[in-house]
Amino acid sequence: MNGIPPVASTADWQAALDRLRTCEKDATRALDALAAERRRLPMVRFDGDFRFQGPAGELGLVGLFGGRRQLVVYHFMPPGEDFCVGCSGFADNIGRLEHLHARGTTLALVTPAPYARLAAYRERMGWQVPWYAAFGNAFNEACGLDGGFGLSVFLRDGDAIFRSYFTTSRGVDRLRLDFNLLDLTPLGRQECWEDSPAGWPQTEPYCWWRRHDEYGEG
């Protein structure tokens, strides 16, 4: 049949799954080793009088921690006429934050744009994750971003702040639950860069992405 995997007996399917499981375990161990390397990365002192606007008014970078020791910042791309669809998809995949809080970690979005515009879009999208405006300061530039997106990790020791990690592009991509779930399916993400058998449905990357309230509009 065209466009679907071959059909096998239960025994043959289990044998193939067992072979794949060996590769998956190797990949899991490799990811564990990478996480161990991240925990051993040196940090850099992150100084600067950065001011952010949030629902409770203006605060500094220490305030973004919410009293916790660790802070993960998603650098949401600055909007043009509208907000980035890819960044919106990332934020859509953020669930409850209490599990992070239980380990002294705060997650926040930061964007160089007026706060009123962020707040209106956040309400439309129904997000609960905190979103702060870094409008008129050089926070993103200090993080090495020039209009793009990325993810930074900070550690606080009292009022001293250190930056421990940064990633962008596919490093952020792999954190999305929807992409990870699609990667488990026979058809995958259905994008032409994927290594899929001949006849699998595929489109150009990104062209199918929508904001969650825009699917079904044609």
Query - Descending principal axes extents, region 82-145, alpha-carbon based, whole Å - result: 33, 27, 20
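If you average 1/r over every pair of different alpha-carbon atoms in region 172-218 and take one over that average, what Kirkwood value in Å do you get?
11.9 Å is the Kirkwood radius here.
What do the square roots of 5 times the Cα gyration tensor eigenvalues come to for the chain, in whole Å, largest first, as semi-axes of the equivalent ellipsoid?
Listed largest to smallest, the semi-axes of the chain are 37, 23, 14 Å.
Which net charge results when you count Lys and Arg as +1 and Asp and Glu as -1 among the other residues whose beta-carbon is under 12 Å from that of D173? Spell out each step's value before the answer.
Values: positive: R170, R174, R176, R189; negative: D178, D183, E191.
Result for the local shell: +1.
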Report summary line: Output ordering of 106-113, 190-197 (per-residue mean of other Cβ within 10 Å, highest first) is 106-113, 190-197
Query raised in the report: When only Cα pairs under 8 Å and 6 or more residues apart are kept, what is the percent relative contact order across region 74-218?
Result: 23
Report summary line: Expressed as a whole-number percentage, the relative contact order of region 1-150 with C-alpha contacts under 8 angstrom and at least six residues apart is 24
Query raised in the report: Please state the Cα pair-distance histogram of region 44-168 with 5 angstrom bins from zero: what percent is in each bin?
Result: 2, 11, 23, 27, 22, 12, 3, 0
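How much net charge surrounds S196 when only the other residues with a Cβ under 13 Å from the Cβ of S196 are counted, with Lys and Arg +1 and Asp and Glu -1?
Here the count lands on -3.
Compute the FRET efficiency between A35 and L97 as 1/(1 + (r/R0)^6), taking r as their Cβ-Cβ distance and R0 = 30 Å, and round to the nearest 0.05. Before the final figure, lay out each step's value.
Details: r = 20 Å, r/R0 = 0.68.
The pair A35/L97 has a calculated efficiency of 0.90.
Output the peptides 74-81, 5-12, 142-149 sorted from most to least packed, where packing is the average of other Cβ atoms within 10 Å over each peptide's residues. Let's see the in-between values first.
Numbers: 74-81: 17.2, 5-12: 9.2, 142-149: 14.4.
The densest-packed peptide leads the list: 74-81, 142-149, 5-12.
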Query - the chain - Cys residues lacking any other Cys C-beta under 4.7 Å - result: C23, C143, C192, C207
Query raised in the report: Could you give the length gained on full extension between F166 and W127, defined as 0.36 nm per residue of separation minus the Cα-Cα distance, in nm?
Result: 11.7 nm
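Throughout, read-outs are computed from the coordinates displayed, never taken from laboratory work. None of the values given here were measured: they were computed from a predicted structure. Positions of Cβ are backbone-derived with ideal geometry, glycine not excepted, and every protein chain shown enters the neighbour counts.
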